[in-house]
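The values are calculated or read from the model by the stated rules, or taken from the named source; none is laboratory data. Here the structure is a predicted model, which means the values were calculated and not measured. Cβ sites come from the backbone with ideal geometry, for glycine too, and all protein chains shown count toward neighbours.
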Amino acid sequence: MELRVLNYFVTITQEGNISGAANVLHVSQSTLSRQIQDLEAELDTTLFTRGRRGIKLTADGQFLYSRAVEMLQLAATTTRTINTKQLVAGDLYIGAGENFTSDLIARIFYQIVTTYPTVNVNLVSTTGDVIRERLEQGTLDFGIISTDERLPEYAQLQFPQSDAWGLVMPREHELTTHAGLTPSDLVGHRILLARQADVQRTLEKWAGSYREQLTIVGSYDMYYSMHVLVRNRVGLAFSFDKPDYHLPDSSLVFRPLIGMPRVASKLIWKRERPHSRLAELFLTKLNNELNRLRH
């Protein structure tokens, strides 16, 4: 697969028809049609279904589209990083959950963008599972995750902060009168879980003999989605603490789970993948900041 052809495929998908894509790409419709036919032949599949209202992706087409967007992003970032003649330039992508480490990362980003104006910094909010997947794909330079797993396949940098498990709830909820929650406090309340490996097992292990009485009603991917569900009383969210819940005007509050161990936060990256100058700069500044905090 050529990147040029993948760009054709992505543009057609985004435009919804070949004629619109041809105008955007400044190529003929016949050229686009032929290139897509060749791509389908190469992959031995059908990527589009064509109807009166335009084209739609098949299941294989949807899979290729998600991967093609990532591949084009990676190619563009790599090209910009190599082509620039400045000492530090290009794009830096860091995946993270929304927790207390975000302020630290933001301080490092500030130091970089105020010194190197051609740099682009990107903080991607997502789950730990997606972070690892995107590190493998090469679309993230670093990831910040909260886990006690050893993760020997990654180089790591430990943060001094650790994350506390608890329940996120509306400010007026009855459980806000508790400073901390026990397993029996959760009985009779609807609970939402992050869509991430081992989250339910973590909660059930803590709940012990009460685990059969837990009422799991749904899941969430992003914190914004979780907040919408909690504010509308769909359930209480099993989640990590974060700074926003401690603001005086927050509509949501956090209550920790008594006896639940805190979880370490760490920066991870692929060991064998060489860093850009920008990524090396980020690591240096982060190490300096962490050393300052420790002393």
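Let's see how each residue does on (1) closer than 19 Å to A279 by Cβ; (2) surrounded by 15 or more Cβ atoms within 10 Å (Cβ to Cβ); (3) in contact with a Pro (Cβ under 9 Å, 6 or more places away or on another chain):
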| site | (1), (2), (3) |
| --- | --- |
| V119 | yes, yes, no |
| V130 | no, yes, no |
| L140 | yes, yes, no |
| T147 | no, yes, no |
| P160 | no, no, no |
| D163 | no, yes, no |
| P170 | no, yes, no |
| T182 | no, no, no |
| D185 | no, yes, no |
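Can you give me the ranges of the helices (runs of 4 or more DSSP H) entirely in the range 1-49 with at least 1 residues that are within 15 Å of F63 (Cα to Cα)?
In the range 1-49, the matching helices (runs of 4 or more DSSP H) lie at 3-15, 29-43.
Considering only the range 137-195, state which residues are outside any loop (DSSP other than H, G, I, E, B) and among the basic types (K, R).
Once the filter is applied, which keeps residues that are outside any loop (DSSP other than H, G, I, E, B) and among the basic types (K, R), the range 137-195 yields only R190.
Go through the residues of the range 37-46 one by one and say whether even a single one is aliphatic (A, V, I, L, M), free of Cβ contacts under 8 Å to residues at least 40 places away in the same chain, more than 29 Å from V124 (Cβ to Cβ) and touching a Leu at 6+ places or on another chain (Cβ under 9 Å).
Within the range 37-46 (the criterion being aliphatic (A, V, I, L, M), free of Cβ contacts under 8 Å to residues at least 40 places away in the same chain, more than 29 Å from V124 (Cβ to Cβ) and touching a Leu at 6+ places or on another chain (Cβ under 9 Å)), the answer is no, since none of the residues qualifies.
Given the conditions (1) under 30 Å from Y245 (Cα atoms); (2) assigned to a helix (DSSP H, G or I); (3) among the small types (G, A, S), which single one is not true for G95?
(2)
Can you work out which of the residues in the range 37-56 that are aliphatic (A, V, I, L, M) and at pLDDT 90 or above is surrounded by the fewest Cβ atoms within 10 Å (Cβ to Cβ)?
Restricting to residues being aliphatic (A, V, I, L, M) and at pLDDT 90 or above, the top hit is A41.
Can you find a residue in the range 91-98 that is outside the structural domain of Y224 (by TED's automatic domain parsing), in contact (Cβ under 8 Å) with a residue 12 or more places away in the chain and out of contact with any strand residue (DSSP E or B) (no Cβ under 7 Å at 6 or more places or on another chain)?
no
What tally of residues in the range 263-294 results from selecting those that are assigned to a loop (DSSP other than H, G, I, E, B) and either touching a helix residue (DSSP H, G or I) at 6+ places or on another chain (Cβ under 8 Å) or not assigned by TED's automatic domain parsing to the domain that holds V119 (or both)?
Looking only at that region, the number is 2.
Of the conditions (1) over 19 Å from the mean Cα position of the chain (by Cα); (2) surrounded by fewer than 19 Cβ atoms within 10 Å (Cβ to Cβ); (3) within 20 Å of P243 (Cα to Cα), S125 clears all except one; give me its number.
(1)
May I ask you to say which residue of Y224, Y220 is crowded, with 17+ Cβ neighbours inside 10 Å, modelled with pLDDT under 95 and outside the structural domain of G97 (by TED's automatic domain parsing)?
When all the criteria are applied, what remains is Y220.
Aliphatic (A, V, I, L, M) and assigned to a loop (DSSP other than H, G, I, E, B): which single residue out of V253, V228, V234 fits that description?
Just a single option satisfies the conditions, and that option is V234.
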